[in-house]
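Worksheet for the structure shown next.
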Amino acid sequence: MASGNLTRITEFILLGVSDRPELQIPLFLVFLGIYGLTVTGNLCIITLTSVDSQLQTPMYCFLRHLAIIDLGNSTTIAPKMLVNFLVTKKTISYYGCAAQLGGFLLFIVAEIFMLSAMAYDRYVAICNPLLYMVVVSPQICRLLVFLTYLQSLTTAVTVTSCVFSLSFCSSNIISHFYCDDIPLLALSCSDTYLPETAVFTFSGTNLCFSMIIVLVSYFNIVLAILRIRSSEGRQKAFSTCASHMMAVSVFYGTLLFMYLQPRTNHALDTDKMALVCYTLVIPMLNPMIYSLRNKDVKQALKRFLDNPLKSFKLMQI
């Protein structure tokens with residue numbers, strides 16, 4: 001391309017989930033409902049695990065941070081997506097796009113490792129229950145949370161910096177509903193080797209490492225449950241990790257569907273639906289999974305609704 005034709009892109013156009021005009025309002029209402037449920041459910045989890053004295057254990061510490069991450073992930077994408085359903089010019093500024101990509105990477109990587117930390121927590125609780133409060137002490141819990149956010153921040157800053165170090169001098173149309181790294185790389189007129197390497201390295205390392213932790217933890221959990229002689233004991237042990245197993249299955253199932261299908265089978269609409277699932281739908285489902293299947297959370301909600309002022313007084317104490 002001749003140097004005289006190069007123009008600096010100052011904004012991008014997001015094509016969204018669908019370009020059909022008659023679907024914009026129905027889709028707006030659907031995703032507004034999803035986002036509303038996400039905010040309500042995750043704020044409830046954050047509040048309950050913060051104020052209820054019986055939920056001050058490592059498991060609920062991890063659950064609180066998972067809710068914070070889900071809320072952040074959804075909020076990074078949903079508000080701009082909702083606005084774009086209602087406007088004709090579906091644009092996002094250059095720096096707004098960089099912030100959205102960075103926020104998405106921060107929260108999606110944090111979710112991957114928080115689910116891994118929760119799997120490790122369940123492994124210790126079932127396989128070494130007598131050592132649980134020693135192995136997963138409050139200090140270890142805080143360390144795992146810190147490492148989770150450190151790795152996610154490192155990934156977000158590195159990958160976002162690499163992607164936006166490129167020159168965008170051709171099309172500014174992103175066939176997506178948010179700023180993602182792969183569509184942005186496709187728009188660049190610079191050499192994309194370094195950013196592509198960064199994306200591949202961080203994505204592969206984060207996903208593989210977290211999945212190894214999850215698989216090893218649940219392999220040992222299953223073995224431990226099978227060794228329990230009484231059916232009542234097996235059921236009780238299984239119930240302590242059932243919610244997390246369901247959340248992990250939905251999350252990793254969606255990711256594996258996205259990244260393990262043959263490239264020739266990829267369809268843009270199918271990929272968008274999968275991305276909608278793990279960026280917007282899963283953050284809505286997680287509070288439901290953990291509250292509907294968790295007796296402690298349901299009892300904490302009942303106590304909070306019966307006497308919210310007492311709960312806040314306990315939190316201040």
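The residues of the chain have, on average, 52 Å² of accessible surface per residue, using a 1.4 Å probe with all protein chains present.
What whole-number distance in Å separates the alpha-carbon centres of the range 34-93 and the range 186-262? Measuring centre to centre over Cα atoms gives 21 Å. What is the sum of charges around L166, taking Lys and Arg as +1, Asp and Glu as -1, for the other residues whose C-beta is under 14 Å from the C-beta of L166? My count for the surroundings of L166 gives -2.
With each label modelled as a point 7 angstrom along the Cα→C-beta vector, the F257-S161 pair spans 3.6 nm. Normalising the average separation of contacting C-alpha pairs (under 8 angstrom, six or more residues apart) by the number of residues puts the relative contact order of the chain at 29 percent.
Does the range 131-233 classify as rounded, prolate or oblate by the C-alpha gyration tensor (a ≥ b ≥ c root eigenvalues; a/c under 1.5 gives rounded; else a/b over b/c gives prolate, otherwise oblate)? Kindly include the intermediate steps, with their values, before the conclusion.
Details: a/c = 3.74, a/b = 2.49, b/c = 1.51.
Verdict is prolate for the range 131-233.
Under Stokes-Einstein, with the Kirkwood radius over Cα pairs as Rh, the value for the range 1-74 at 37 °C and 0.692 mPa s is 205 µm²/s.
Here the gap between M133 and T10, fully extended at 0.36 nm per residue and compared with their Cα-Cα distance, gives a gain of 39.0 nm.
For every other residue with a beta carbon closer than 13 angstrom to the beta carbon of V83, add +1 if it is Lys or Arg and -1 if Asp or Glu, then tell me the sum. Display every interim value, and only then the final one.
Numbers: positive: K80, K89, K90; negative: none.
Cβ neighbours under 13 Å give a net charge of +3.
Once every DSSP H run of n ≥ 4 in the chain is given -39500 (n - 2.57) and the sum is divided by its residues, what mean residue ellipticity at 222 nm do you get, rounded to the nearest 500 deg cm²/dmol?
Details: 13 runs with 232 residues, N = 317.
Helix-only estimate at 222 nm: -24500 deg cm²/dmol.
By per-residue mean of other Cβ atoms within 10 Å, what is the highest-first order of 134-145, 15-26? Mind dumping the intermediate values first?
Details: 134-145: 15.2, 15-26: 13.7.
Result, highest mean first: 134-145, 15-26.
Per the Kirkwood formula applied to alpha carbons, the range 67-122 shows a radius of gyration over Rh ratio, Rg over Rh, of 1.13. Of the solvent-accessible surface of the chain, computed with a 1.4 Å probe over protein heavy atoms with every protein chain present, carbon and sulfur atoms account for 67 percent.
In this entry, the chain is assigned a mean projected area of 19.4 nm², taken as a quarter of its C-alpha convex hull surface. The Rg/Rh ratio of the range 1-140, with both radii computed over alpha carbons and Rh defined as the Kirkwood radius, is 1.15.
Would you mind checking K272/K295; K80/K295; K80/K302; K90/K272; K272/K298 for any pair whose Cα atoms are more than 26 angstrom apart? Could the numbers behind the result be given before it?
Details: K272/K295 35 Å; K80/K295 36 Å; K80/K302 35 Å; K90/K272 17 Å; K272/K298 34 Å.
Pairs exceeding the cut-off: K272/K295; K80/K295; K80/K302; K272/K298.
Taking 0.36 nm per residue of separation and subtracting the current Cα-Cα distance, fully stretching the chain between M273 and K236 would add 9.7 nm. Taking only the C-alpha atoms of the range 97-174, the Rg (one decimal) and the largest Cα-Cα distance, Dmax (whole number), read 17.9, 62 Å.
Within the chain, which complete DSSP H helices have Cα atoms spanning at least 24 Å along the helix axis and a mean Kyte-Doolittle hydropathy of 0.5 or higher?
Values: long enough: 24-51 (40 Å, 1.67); 58-86 (42 Å, 0.79); 94-127 (50 Å, 1.26); 138-163 (37 Å, 1.17); 193-227 (50 Å, 1.40); 242-260 (25 Å, 1.38).
Span-like helices here: 24-51, 58-86, 94-127, 138-163, 193-227, 242-260.
Given Cβ point charges of +1 (Lys, Arg) and -1 (Asp, Glu) and nothing else, what value in debye, to the nearest 20, does the dipole of the chain about its Cα centre take? Before the final figure, lay out the partial values.
Numbers: 21 positive and 16 negative charges, 224 e Å.
Using only the charged Cβ atoms, the result is roughly 1080 debye.
The values are calculated or read from the model by the stated rules, or taken from the named source; none is laboratory data. Everything numeric here is computed off the predicted structure, so don't read it as measured data. Note: ideal-geometry Cβ built from the backbone for every residue, glycine included; neighbour counts use all protein chains shown. Heads up: the accessible areas ignore ligands, DNA and RNA and are worked out on the full protein's heavy atoms, side chains in. Shrake-Rupley method; radii C 1.70, N 1.55, O 1.52, S 1.80 Å.
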